[in-house]
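One structure below.
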Amino acid sequence: MFNIEMVRKMNPIDLGQIVSILVGELIEEDKAFILETGENAFVEETHLHSGMALRNGLRLWDKRGVIPTWFRETLKIKHPDEMSGVITREVWRKVRGLG
């Protein structure tokens, strides 16, 4: 669902940039899925595959990385699972015009 390679190429430094890139790269089918799926259901359904792609592709496990550091310092979130959950939740919100 998420174009992780495009996100990596764009070198985002915060959540807003990550979400903007991911939403900009979504295909219509994925946007439709988001629009017909509830927030918690979307986050739960994407946690395993898309969430893992985010955690690995954005190197959320790297404690010295720019993005994990931003999450720790700005949102006080330390665990990559939580970071990817915040990202997917914000993608859901942005597609729905809530964020």
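Here, each number is a calculation from the coordinates, and none is a lab measurement. Remember, it's a predicted structure, so these values are computed and weren't measured experimentally. Every residue, glycine as well, gets a Cβ built from its backbone with ideal geometry; the counts of neighbours run over all protein chains shown.
Identify the trypsin sites (Lys or Arg not before Pro) of the range 1-70 meeting these criteria: DSSP loop state and at most 11 other C-beta atoms within 10 Å of the C-beta. The qualifying sites are LYS63, ARG64. Which aspartates and glutamates, on any chain, are close to LYS78 with Cα under 16 Å apart, when same-chain ones fewer than 8 places away are left out? Those aspartates and glutamates meeting the cut-off are ASP14, ASP62.
The Kirkwood hydrodynamic radius of the range 1-40, based on inverse pair distances between different Cα atoms, is 10.8 Å.
State, as an integer percentage, the relative contact order of the chain based on alpha-carbon contacts under 8 Å between residues 6 or more apart.
Details: 98 pairs, mean separation 36.4, N = 99.
It comes to 37 percent, rounded to a whole number.
Straight-distance candidates among the aspartates and glutamates for linking to LYS31, with alpha-carbon spacing under 14 Å and chain neighbours fewer than 8 residues away dropped: GLU39, GLU90.
What is the Å³ per residue value for the convex hull set by the Cα atoms of the range 4-95?
On the way: hull volume 7.7 nm³, N = 92.
So the per-residue Cα hull volume is 84 Å³.
What dipole magnitude, in Debye to the nearest 20, does the range 4-95 give about its Cα centre under +1 on Lys/Arg Cβ and -1 on Asp/Glu Cβ? Please report the intermediate quantities before stating the final value.
On the way: 13 positive and 15 negative charges, 124 e Å.
Magnitude of the dipole: close to 600 debye.
The range 1-16 and the range 72-99 have their alpha-carbon centroids 13 Å apart. Tilt of helix 15-25 relative to the longest C-alpha principal axis of the chain, in degrees (0 to 90, nearest 10)? Result, in degrees: 40. Only one residue of VAL86, ASN11, MET52 has its Cα farthest out toward the positive end of the dipole of the chain, where Lys and Arg carry +1 and Asp and Glu -1 on Cβ, and that residue is ASN11.
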